[in-house]
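Q: This structure is in structure tokens; I'll ask about it shortly.
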Amino acid sequence: MPLIVEKKPEVLITEDGIRTDGRGPLDLRPIKIQVGVLSRADGSAYLEWGGNRVLAAVYGPREVHPKHMALPDRALLRCRYNMAPFSTPERKRPGPDRRSVELSKVIREALLPSIFLERYPGTAIDVFVEILRSDAGTRVAGVTAASLALADAGIEMRGLVTAVAVGRVEDWVVVDPNHDEDQWGDADIPVAFLMEEKEITLLQLDGPMTQEQFDRALELASQAADLIYEVQKEALRRPYEAVRLEILRRGE
Amino acid sequence: MLDERIAAELVGGYIRELAASGQRKDGRAFDEIREIKIRPGTFTKAEGEAWVSLGATQVLVGVKADVGTPFPDTPDKGVLISNVELLPLASPTFEPGPPDENAIEMARVVDRALRGSNAIDMEALAIKSGELVYMIFLDMYALDHDGNIIDAFALGSLVALSRTKIPVVEVTEEGEMVVKEETFDLPLRDLPITFTFIKIGDALMLDPTLEEELVSDAAITISIDSSGRVCSIQKRHGSFRVDEIKRAVSIARSKYPEVEKILREQGGLV
């Protein structure tokens, strides 16, 4: 029995478009990213997005186990999305459930088009996404962190993948739904873009929407992704910037 | 990536040579513990949590509280369930899947350290005799494995438990369960600290790195409570002589105040 009692807020969004966390419809929650946070992984990223806390790690290219899974002409990309038992209000039983199996698949397919897999034939690239704390939008947070972990691992890529969710609350299309909107809103649409070409590599929709609302949702997702992309690039540059400053300091 | 067992083979001779001359690869003394850091911030939805690093080893421990029926033989005691996840994210050798024997052993060793020292007041976790008690889930998550995860888990568990605030649950006369908004602190009465030693030749080393673990001949984990008593021991692989175990116990007891001080200062334990 959970020790948390959840209450639906009386108003999800006001007439002026103010949301339960005080944001306007187009506002993102704060995002903070750090790459290279784990010593053992070949690449890693830690991401805070609203109340979400996500760790992503990449191992590879490495030997494939079991061997028969190896592909002769390209790398095998594997992905595991997993929620920590303490990531949810009620303890989640450890291990994969049907939801995490599906999310592992859509995250893998969101990242797949961004990687030059043909450069690493016969190997495996393993991506692990651990949700330490969940607060709506964990899959898009996972994709955003995982893409940086791949880049941090030095894997050759076409570009970064950036993901964001948009949703519908009554007649409003809102960017980056929060917990209340995720729980009681009318529609939820996670989207991922390969930013170089603005190709969509993940798209799910859950809940009814008019064609107009859907078009607007994609437009808003694209704009929000542009903002998140800047945060990603900055996070990727930061460790090198630190090295550059250290060299300058020593030069003096 | 180079298989770590091959790497251990390559560096093993060097580590053994150093050990024979009283040295370690990272320059530490045999009884020196790597730097313990408790990361500030909130990372989970747990009722108590701690992100702890021991050198390059990192773990995240979360305590979740729930209610349920007590075990029939302990109707007036809460329930503690300890679980270790050796995530594949933490090491190239960890595989996805249910906890393996290593994970289960670690969880049970930490669990025994807590029980052996009566660290948690289990009687205070009963709500209604024989019917309703608090259940405490101690989930230990390995994030980055550079050796001695078990001591990192034990330290993380103490910090997480000491920070745990549980919603008050009451049972009305009609037998209905009510969850209150107010919370109470998990009653932590002792601080059992574990000390893991490995043996390389004749050398006993505290807090081994992964490389040291991989070349070690034997390993043992000893937990000490606040009054200096030994409250649990687990010999892991290999074998020790009696005098070596006695030495390990006395080193562990002598190191206790130092680690306790770090826990109190950094972890905010009272």
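Q: Kindly indicate which of B:Asp202, B:Asp225, B:Asp207 is open to solvent by 10 Å² or more (accessible area, probe 1.4 Å) and either modelled with pLDDT of 95 or more or in contact with a helix residue (DSSP H, G or I) (Cβ under 9 Å, 6 or more places away or on another chain) (or both).
A: Numbers: B:Asp225 fails: open to solvent by 10 Å² or more (accessible area, probe 1.4 Å); B:Asp207 fails: open to solvent by 10 Å² or more (accessible area, probe 1.4 Å).
From the options B:Asp202, B:Asp225, B:Asp207, the qualifying one is B:Asp202.
Q: For region B:160-249, which fully contained strands (runs of 3 or more DSSP E) count at least 2 residues that are not hydrophobic (A, V, I, L, M, F, W, C)? Steps first, please.
A: Details: elements: B:165-171, B:177-185, B:193-200, B:203-206, B:218-224, B:230-235.
The qualifying strands (runs of 3 or more DSSP E) are B:165-171, B:177-185, B:193-200, B:218-224, B:230-235.
Q: Has region A:104-117 got at least one residue that is touching a strand residue (DSSP E or B) at 6+ places or on another chain (Cβ under 6 Å) and assigned to a loop (DSSP other than H, G, I, E, B)?
A: Looking for residues that are touching a strand residue (DSSP E or B) at 6+ places or on another chain (Cβ under 6 Å) and assigned to a loop (DSSP other than H, G, I, E, B), one finds none in region A:104-117, hence no.
Q: Determine which member of the set B:Leu18, B:Leu10 is in a helix (DSSP H, G or I), open to solvent by 40 Å² or more (accessible area, probe 1.4 Å), among the aliphatic types (A, V, I, L, M) and away from chain A (no Cβ under 12 Å). Can you show your working first?
A: Details: B:Leu18 fails: open to solvent by 40 Å² or more (accessible area, probe 1.4 Å).
The conditions single out B:Leu10.
Q: So, in region A:59-75, of the ones that are within 9 Å of chain B (Cβ to nearest Cβ) and open to solvent by less than 10 Å² (accessible area, probe 1.4 Å), which residue ends up nearest to the chain's Cα centre (by Cα)?
A: So the residue we want is A:Tyr59.
Q: Moving to a separate point now. Any residue in region B:170-181 that is among the basic types (Lys, Arg) and touching a residue at least 60 places away in the same chain (Cβ under 8 Å)? Spell out the reasoning first.
A: First, the residues of region B:170-181 that are among the basic types (Lys, Arg): B:180.
Checking which are touching a residue at least 60 places away in the same chain (Cβ under 8 Å) leaves us with none.
No - not one qualifying residue is present in region B:170-181.
Q: Can you name the number of the only condition in (1) of a type outside the set (Gly, Ala, Ser); (2) within 22 Å of A:Leu71 (Cβ to Cβ); (3) open to solvent by 40 Å² or more (accessible area, probe 1.4 Å) that A:Trp172 fails?
A: Answer for A:Trp172: the failing condition is (2).
Q: Could you run through region A:79-107 and say how many residues are away from chain B (no Cβ under 13 Å) and touching a residue at least 60 places away in the same chain (Cβ under 8 Å)?
A: 2
Q: Restricting attention to region A:228-235, does a residue exist that is over 30 Å from A:Leu150 (Cβ atoms), in a helix (DSSP H, G or I) and at pLDDT 95 or above? Walk me through it before giving the result.
A: Initial filter on region A:228-235 (over 30 Å from A:Leu150 (Cβ atoms)): none.
Among the residues of region A:228-235, not one is over 30 Å from A:Leu150 (Cβ atoms), in a helix (DSSP H, G or I) and at pLDDT 95 or above, which makes the answer no.
Q: What residue, of B:Val159, B:Val179, B:Val171, is open to solvent by 10 Å² or more (accessible area, probe 1.4 Å), touching a Leu at 6+ places or on another chain (Cβ under 8 Å) and more than 10 Å from chain A (Cβ to nearest Cβ)? Give the steps one after another, and end with the answer.
A: On the way: B:Val159 fails: open to solvent by 10 Å² or more (accessible area, probe 1.4 Å); B:Val179 fails: more than 10 Å from chain A (Cβ to nearest Cβ).
Only one candidate passes the filter, namely B:Val171.
Q: Could you tell me which numbered condition A:His68 fails, if it satisfies all but one of (1) part of a helix (DSSP H, G or I); (2) in contact with a Cys (Cβ under 9 Å, 6 or more places away or on another chain); (3) closer than 30 Å to B:Ala7 by Cα?
A: That leaves (2) as the condition not met.
Q: Further, regarding this structure: Counting just the residues of region B:80-106 that are touching an Asp or Glu at 6+ places or on another chain (Cβ under 9 Å), outside any loop (DSSP other than H, G, I, E, B) and within 13 Å of another protein chain (Cβ to nearest Cβ), which one comes out surrounded by the fewest Cβ atoms within 10 Å (Cβ to Cβ)?
A: So the residue we want is B:Ile81.
Q: Next up: Among the residues of region A:193-252, which ones are among the aromatic types (Phe, Trp, Tyr) and surrounded by 14 or more Cβ atoms within 10 Å (Cβ to Cβ)? Reasoning before the result, please.
A: Just the residues of region A:193-252 that are among the aromatic types (Phe, Trp, Tyr), to begin with: A:193, A:214, A:229, A:240.
Hits for region A:193-252 are A:Phe193, A:Phe214, A:Tyr229.
Q: Modelled with pLDDT of 95 or more, open to solvent by less than 30 Å² (accessible area, probe 1.4 Å) and not in a helix (DSSP H, G or I), is that true of A:Val140? Walk me through how you get there before you give the answer.
A: Details: modelled with pLDDT of 95 or more: yes; open to solvent by less than 30 Å² (accessible area, probe 1.4 Å): yes; not in a helix (DSSP H, G or I): no.
No, not satisfied.
Q: While we're on this one: Is it fair to say B:Ser239 is at pLDDT 95 or above and either among the β-branched types (Val, Ile, Thr) or out of contact with any Phe, Trp or Tyr (no Cβ under 7 Å at 6 or more places or on another chain) (or both)? Lay out the reasoning, then the answer.
A: Details: at pLDDT 95 or above: no; either among the β-branched types (Val, Ile, Thr) or out of contact with any Phe, Trp or Tyr (no Cβ under 7 Å at 6 or more places or on another chain) (or both): yes.
So B:Ser239 fails the test.
Q: If you check B:Val63 against the conditions, is it more than 7 Å from every other protein chain (Cβ to nearest Cβ), buried (at least 23 other Cβ atoms within 10 Å of the Cβ) and closer than 30 Å to A:Gly60 by Cα? Give the steps one after another, and end with the answer.
A: Values: more than 7 Å from every other protein chain (Cβ to nearest Cβ): yes; buried (at least 23 other Cβ atoms within 10 Å of the Cβ): yes; closer than 30 Å to A:Gly60 by Cα: no.
The answer is no for B:Val63.
Q: Can B:Glu49 be described as surrounded by 13 or more Cβ atoms within 10 Å (Cβ to Cβ), in a loop (DSSP other than H, G, I, E, B) and within 22 Å of the chain's Cα centre (by Cα)? Reasoning before the result, please.
A: On the way: surrounded by 13 or more Cβ atoms within 10 Å (Cβ to Cβ): yes; in a loop (DSSP other than H, G, I, E, B): no; within 22 Å of the chain's Cα centre (by Cα): yes.
When the stated conditions are applied, B:Glu49 does not pass them.
Q: Is region A:12-34 home to any residue that is over 14 Å from the mean Cα position of the chain (by Cα), modelled with pLDDT of 95 or more and within 11 Å of another protein chain (Cβ to nearest Cβ)?
A: No; the residues of region A:12-34 include none that is over 14 Å from the mean Cα position of the chain (by Cα), modelled with pLDDT of 95 or more and within 11 Å of another protein chain (Cβ to nearest Cβ).
Q: Can I ask one more? Name the residues in region A:109-126 that are within 14 Å of another protein chain (Cβ to nearest Cβ) and open to solvent by 20 Å² or more (accessible area, probe 1.4 Å), would you?
A: Keep residues of region A:109-126 that are within 14 Å of another protein chain (Cβ to nearest Cβ), which gives A:120, A:123-126.
Hits for region A:109-126 are A:Tyr120, A:Thr123.
Q: Condition (residue is open to solvent by 10 Å² or more (accessible area, probe 1.4 Å), within 14 Å of another protein chain (Cβ to nearest Cβ) and either outside any loop (DSSP other than H, G, I, E, B) or modelled with pLDDT under 95 (or both)) applied to region B:114-125: is it met by at least one residue?
A: No, every residue in region B:114-125 fails to be open to solvent by 10 Å² or more (accessible area, probe 1.4 Å), within 14 Å of another protein chain (Cβ to nearest Cβ) and either outside any loop (DSSP other than H, G, I, E, B) or modelled with pLDDT under 95 (or both).
Q: Additional query: Being surrounded by fewer than 24 Cβ atoms within 10 Å (Cβ to Cβ) and facing chain A (nearest Cβ under 10 Å) is the filter here, so list the residues in region B:127-141 that pass it. Quick ask: steps written out before the conclusion?
A: Within region B:127-141, the first condition is being surrounded by fewer than 24 Cβ atoms within 10 Å (Cβ to Cβ), and the residues that meet it are B:127-132, B:135, B:137.
Within region B:127-141, B:Leu132, B:Met135, B:Phe137 meet the criteria.
The values are calculated or read from the model by the stated rules, or taken from the named source; none is laboratory data. Every value quoted in this text rests on a predicted model; they were computed, and no experiment measured them. Note that each Cβ is placed from the backbone with ideal geometry, even for glycine, and that neighbours are counted across all protein chains shown. Surface accessibility is based on the protein's heavy atoms, side chains included, excluding ligands, DNA and RNA. Shrake-Rupley method; radii C 1.70, N 1.55, O 1.52, S 1.80 Å.
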